[in-house]
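Participant: Could you have a look at this structure, given as structure tokens, before my questions?
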Amino acid sequence: MAIQTVTGPIDPEALGVTLMHEHTLCDLWAAGGQTTYTGILDDEELQAEELARYREAGGNAVVDVTTGGAGRNPAGMRRLAEATGLQIIMGAGWYRERVYPREIYELSTNQLADQIIREFADGADGTGVKPGIIGELGTERFHITPAEERVFRAGARAQRATGAAITTHTTHFGELALEQVALLHEEGVPSERIIVGHVGERRDIRLEQAIAATGAYVQVDHVGWPSSAGMQEEHQRVRTVANLVRAGHLDQLLISMDICRTTLLHWHGGHGYDYLLREFVPLLHAEGLTEAEVRTILVENPRRVLDF
């Protein structure tokens, strides 16, 4: 068993503090719906500086869930890992329907699954860089479309072949989360291999508890995002994490920041990748979480779910 990083496999014990849902290099302009250039992270030197601050704060690893349609850059991720000394884990698959390539509509579910499986065996885009997780695989609102279902089933079949975990994108803070889990279960994906993303931004934890009841991981991954973006105030996000721990879901809880815009970087006046460790963790302690509980969320849970 090992954790696959962009520079090669590592022993799970070598994985320290981990951000489970981030973007180091991406192009959300290409993903559509962008009216400014803030969604383009393509300055590798700047990204290396920003990520170095996270490492200096005690960070060890970053899961980059940039997938097909959102500007994934395997060779660039490897260069960032080498420049910073961080363990970077790369995602595989396709992001969301608004940016699906033609192959999603032209290939069968099994052919799409085979593409993901080949990346795990041989590397992506001729670089030799291998993914360590499947996703983020996304749904939009209201219902899972036929194309989204094909991608999720392909990801599930690749999961069954490789053993890697699947991480998802939900729109509107968990909408269709339970439907995602049910679809993956239908394909035989074990609950402990499923991470449901973009939750924890509602006034209570009823949805998160329902997700946890399926056995899947609950990921609160908008730490640091402002309420002006439709998110919770930070103090409420802290309470959400603490309430999930108090409700007995410590071993299913992951947290991250989903940095995918220049405005979230230090250079552009944002909080940077180090914010979660420097600012959010002290808030968790103030809310009553222990050092051991925080370590479980940031180290033990990522180590378990990324090992395959």
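The values are calculated or read from the model by the stated rules, or taken from the named source; none is laboratory data. All figures in this text were calculated on a predicted structure; none of them were measured in a lab. Neighbour counts are summed over all protein chains in view; Cβ atoms, including those assigned to glycine, are modelled from backbone coordinates with ideal geometry.
Participant: Could you please give the count of residues in region 223-251 that are without any contact (Cβ under 8 Å) to a residue 40 or more places away in the chain, loosely packed, with under 14 Cβ neighbours inside 10 Å and under 17 Å from PRO282 (Cα atoms)?
Facilitator: Here the count works out to 1.
Participant: When GLY93 is evaluated against the numbered criteria (1) within 21 Å of LEU15 (Cα to Cα); (2) touching a strand residue (DSSP E or B) at 6+ places or on another chain (Cβ under 6 Å), which criterion, by number, is the only one it fails?
Facilitator: So the condition that GLY93 fails would be (1).
Participant: Continuing with this model, one more query. List the helices (runs of 4 or more DSSP H) that sit entirely inside region 238-308 and contain at least 3 residues that are under 16 Å from the mean Cα position of the chain (by Cα).
Facilitator: Details: elements: 281-286, 291-295, 301-306.
Hits in region 238-308: 301-306.
Participant: Got a sec? Which strands (runs of 3 or more DSSP E) wholly within region 1-109 have at least 1 residues that are surrounded by fewer than 21 Cβ atoms within 10 Å (Cβ to Cβ) and without any contact (Cβ under 8 Å) to a residue 60 or more places away in the chain? Working first, answer last.
Facilitator: Working: elements: 3-5, 8-10, 18-22, 61-64, 87-92.
Result: 8-10.
Participant: Still on this model: Considering only region 81-96, how many residues are modelled with pLDDT of 95 or more, out of contact with any Lys or Arg (no Cβ under 9 Å at 6 or more places or on another chain) and more than 12 Å from GLY155 (Cβ to Cβ)?
Facilitator: 5
Participant: Hey, any hits in region 259-273 for a residue that's crowded, with 19+ Cβ neighbours inside 10 Å and out of contact with any helix residue (DSSP H, G or I) (no Cβ under 7 Å at 6 or more places or on another chain)?
Facilitator: Yes, because at least one residue in region 259-273 is crowded, with 19+ Cβ neighbours inside 10 Å and out of contact with any helix residue (DSSP H, G or I) (no Cβ under 7 Å at 6 or more places or on another chain).
Participant: Which of (1) under 19 Å from the mean Cα position of the chain (by Cα); (2) of a type outside the set (D, E, K, R); (3) in a loop (DSSP other than H, G, I, E, B) is the odd one out, the single condition THR168 does not satisfy?
Facilitator: THR168 satisfies all of (1) under 19 Å from the mean Cα position of the chain (by Cα); (2) of a type outside the set (D, E, K, R); (3) in a loop (DSSP other than H, G, I, E, B) except (3).
Participant: I've got another one for you. Consider THR170 carefully, then state whether it is touching a residue at least 12 places away in the same chain (Cβ under 8 Å), among the polar types (S, T, N, Q), surrounded by fewer than 16 Cβ atoms within 10 Å (Cβ to Cβ) and at negative phi. Working first, answer last.
Facilitator: Numbers: touching a residue at least 12 places away in the same chain (Cβ under 8 Å): yes; among the polar types (S, T, N, Q): yes; surrounded by fewer than 16 Cβ atoms within 10 Å (Cβ to Cβ): no; at negative phi: yes.
Against the criterion (touching a residue at least 12 places away in the same chain (Cβ under 8 Å), among the polar types (S, T, N, Q), surrounded by fewer than 16 Cβ atoms within 10 Å (Cβ to Cβ) and at negative phi), THR170 does not qualify.
Participant: If I go through region 124-134 residue by residue, how many of them are in a loop (DSSP other than H, G, I, E, B), touching a residue at least 40 places away in the same chain (Cβ under 8 Å) and not acidic (Asp, Glu)? So that I can check it myself, show each step before the final result.
Facilitator: In the first step, residues of region 124-134 are kept if they are in a loop (DSSP other than H, G, I, E, B); the result is 124-132.
The next check asks that each one be touching a residue at least 40 places away in the same chain (Cβ under 8 Å); those that pass are 124-125, 127, 129-132.
Going one step further and asking which of them are not acidic (Asp, Glu), we end up with 124, 127, 129-132.
Selection size over region 124-134: 6.
Participant: Here is a list: ALA161, ALA182, ALA121, ALA156. Which entry is buried (at least 23 other Cβ atoms within 10 Å of the Cβ), small (Gly, Ala, Ser) and in a helix (DSSP H, G or I)?
Facilitator: Working: ALA161 fails: buried (at least 23 other Cβ atoms within 10 Å of the Cβ); ALA182 fails: buried (at least 23 other Cβ atoms within 10 Å of the Cβ); ALA121 fails: buried (at least 23 other Cβ atoms within 10 Å of the Cβ).
Criteria check complete, one pass: ALA156.
Participant: Please find, within region 224-263, the residue that is modelled with the lowest pLDDT out of those that are of a type in the set (A, V, I, L, M, F, W, C) and closer than 28 Å to ASP27 by Cβ.
Facilitator: Pass one, region 224-263, residues of a type in the set (A, V, I, L, M, F, W, C): 225, 229, 231, 238, 241-242, 244-245, 247, 250, 253-255, 257, 259-260.
Filter again for closer than 28 Å to ASP27 by Cβ, leaving 225, 229, 231, 254-255, 257, 259-260.
Details: TRP225: 96, ALA229: 87, MET231: 93, LEU254: 98, ILE255: 98, MET257: 98, ILE259: 98, CYS260: 96.
Of everything passing the filter in region 224-263, ALA229 is modelled with the lowest pLDDT.
Participant: Can you say whether ALA212 is under 15 Å from the mean Cα position of the chain (by Cα) and surrounded by 21 or more Cβ atoms within 10 Å (Cβ to Cβ), as far as the supplied structure shows? Give the derivation first.
Facilitator: Values: under 15 Å from the mean Cα position of the chain (by Cα): no; surrounded by 21 or more Cβ atoms within 10 Å (Cβ to Cβ): yes.
Spelling it out, it is not the case that ALA212 is under 15 Å from the mean Cα position of the chain (by Cα) and surrounded by 21 or more Cβ atoms within 10 Å (Cβ to Cβ).
Participant: Another question, then. List the number of the failed condition for GLU279; all other conditions in (1) touching a helix residue (DSSP H, G or I) at 6+ places or on another chain (Cβ under 8 Å); (2) in contact (Cβ under 8 Å) with a residue 12 or more places away in the chain; (3) over 24 Å from GLY174 (Cα atoms) hold.
Facilitator: Evaluating GLU279 over (1) touching a helix residue (DSSP H, G or I) at 6+ places or on another chain (Cβ under 8 Å); (2) in contact (Cβ under 8 Å) with a residue 12 or more places away in the chain; (3) over 24 Å from GLY174 (Cα atoms) leaves (1) as the failure.
Participant: Okay, next question. If the requirement is being of a type outside the set (A, V, I, L, M, F, W, C) and either under 17 Å from ALA61 (Cβ atoms) or touching a strand residue (DSSP E or B) at 6+ places or on another chain (Cβ under 9 Å) (or both), which of these qualifies: THR290, THR296, THR263? Give the steps one after another, and end with the answer.
Facilitator: Values: THR290 fails: either under 17 Å from ALA61 (Cβ atoms) or touching a strand residue (DSSP E or B) at 6+ places or on another chain (Cβ under 9 Å) (or both); THR263 fails: either under 17 Å from ALA61 (Cβ atoms) or touching a strand residue (DSSP E or B) at 6+ places or on another chain (Cβ under 9 Å) (or both).
Going through THR290, THR296, THR263 in turn, just one is of a type outside the set (A, V, I, L, M, F, W, C) and either under 17 Å from ALA61 (Cβ atoms) or touching a strand residue (DSSP E or B) at 6+ places or on another chain (Cβ under 9 Å) (or both): THR296.
Participant: Can you find a residue in region 246-257 that is farther than 27 Å from LEU41 by Cβ and polar (S, T, N, Q)?
Facilitator: In the first step, residues of region 246-257 are kept if they are farther than 27 Å from LEU41 by Cβ; the result is 246-252.
Checking the rest, the ones that are also polar (S, T, N, Q) come to 252.
So far as region 246-257 goes, yes, one or more of its residues are farther than 27 Å from LEU41 by Cβ and polar (S, T, N, Q).
Participant: Would you mind stating whether PRO146 is over 24 Å from GLN219 (Cβ atoms), of a type outside the set (Phe, Trp, Tyr) and free of Cβ contacts under 8 Å to residues at least 12 places away in the same chain? It would help to see each step written out before you state the result.
Facilitator: Details: over 24 Å from GLN219 (Cβ atoms): yes; of a type outside the set (Phe, Trp, Tyr): yes; free of Cβ contacts under 8 Å to residues at least 12 places away in the same chain: yes.
Against the criterion (over 24 Å from GLN219 (Cβ atoms), of a type outside the set (Phe, Trp, Tyr) and free of Cβ contacts under 8 Å to residues at least 12 places away in the same chain), PRO146 qualifies.
Participant: Does any residue in region 189-206 that is closer than 13 Å to ALA242 by Cα come within less than 8 Å, Cβ to Cβ, of a residue that is part of a helix (DSSP H, G or I) six or more places away or on a different chain, and which pairs are these?
Facilitator: Short answer, once both residue conditions are applied: GLY200/GLU208; GLY200/ARG237; GLY200/THR240; GLY200/VAL241; GLY200/LEU244; ILE205/THR240; ILE205/ASN243; ILE205/LEU244.
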